[in-house]
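For reference, the structure discussed in these notes is given below.
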Amino acid sequence: MMSVVGPSSRWTLTILMCWTCSGQGLVMRGLEGPTQTVTRGMDIILHCRYDLEAGDRLYAVKWFHGTREFYRFQPELQPPSRSFPIEDVYVDVESSNAEKLVIRHVVPGTSGIYRCEVSAEETFETDYREMNITIEDAPMADPVIYNIQSRYAIDDELRINCTSFDYGPASRLHWIINGQLKSDDDDEVTLYPTRWRTPSAAVDSQFVSGATPEASTTIGLHIKRLTRQHFGSGNQLTIVCTASSIGSAHRRSSAVKAVLDEGLSSRQGPLVNPLRPSTAAPTAAGDKRRSPQTSTGGCSRLASNLVAIILTTILLLALFR
């Protein structure tokens, strides 16, 4: 017996068949990772969330940096995890699995678009999610302040430098004096050219291919005459040097303090070492007075001359007897 299906029945059958073919065998729930900028040297963990319908199996999870696949988890293989190394993306294969990816010791080159692509075994469905990750090169150490004294007098000259070492890109340095930021175009501030080097030897000042250039950046501060206003109500001068990378919210800083010593003579010049001052008493220019050491030396020479004269006289008297 043969049944005839009318036009309306055929439309109903077609719709039911299409709904069955597009069943939700694989459902992507999302890609989770850092929601903020990550600093160089940190680790990042990405979670690829998905569901498979009952009876379906996972075929593979593939991870891409841009368009390049660098990690795959495929249950049929032994071991199921495979890594395809690419520059600046260091996968911890032992800690990664079907839903988790661990990347160690990120650098600015780790930045980019990451894609998690999931494929189902039975339904052959494939879907993916993407996210953008940014790695910033924040300073990794505090800047260093040079040539600061522990004490200054009114009208003294202050000349110091602050340097940050081995950052790429170069750090931006700023002075903060008693809580007030000094602008880069201030006459008392000097911005020195950045010095670049590479971790390995360079040839003819050209960077070695593949090496990350590192920067040494210095800023100077020169106050020709210190005034009482520089020391504030507590007779204390606080100087802070801050270092931050361009576009980075992270910064490092160093602070030094100097006190006003009203007992110091003005314009005396820098101390050789504030913790171990020289024991020799300075003599003012044009001062003809002898120091205690000089006077003692003169008395010693006079006594020696008298002894020589006495001995000579005794010898002559003995000869003429």
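The values are calculated or read from the model by the stated rules, or taken from the named source; none is laboratory data. Being a predicted model, the structure only gives us computed values, none of them experimental. For neighbour counting, all protein chains shown are included, and Cβ atoms are generated from backbone atoms with ideal geometry for every residue, glycine included. These area figures cover heavy atoms from the full protein model, side chains too; ligands, DNA and RNA do not enter into them. Shrake-Rupley method; radii C 1.70, N 1.55, O 1.52, S 1.80 Å.
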Quiz item: Using mean Cβ contacts within 10 Å as the protection proxy, how do 102-109, 47-54, 236-243 order, highest first?
Solution: 236-243, 102-109, 47-54
Practice problem: Would you calculate the separation in nanometres between label points at Ser233 and Asp186, each defined as 7 Å from the Cα along the Cα-to-beta-carbon direction? | Solution: 2.2
Quiz item: Can you give the accessible area per residue of the stretch 85-184, in Å², using a 1.4 Å probe?
Solution: 48
Exercise. Work out how much length Asp43 to Glu76 would gain on full extension: take 0.36 nm times their residue separation and subtract the Cα-Cα distance, in nm to one decimal.
Key: 9.0 nm
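Compute the FRET efficiency between Asp51 and Trp196 as 1/(1 + (r/R0)^6), taking r as their Cβ-Cβ distance and R0 = 30 Å, and round to the nearest 0.05.
Working from the Cβ atoms, E equals 0.05.
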Quiz prompt | Apportionment of accessible area to carbon and sulfur, the stretch 39-111, percent (1.4 Å) | solution = 49
Self-check item: Label point distance in nm, Asp142-Asn97, each placed 7 Å from Cα along Cα→Cβ
Solution: 4.3
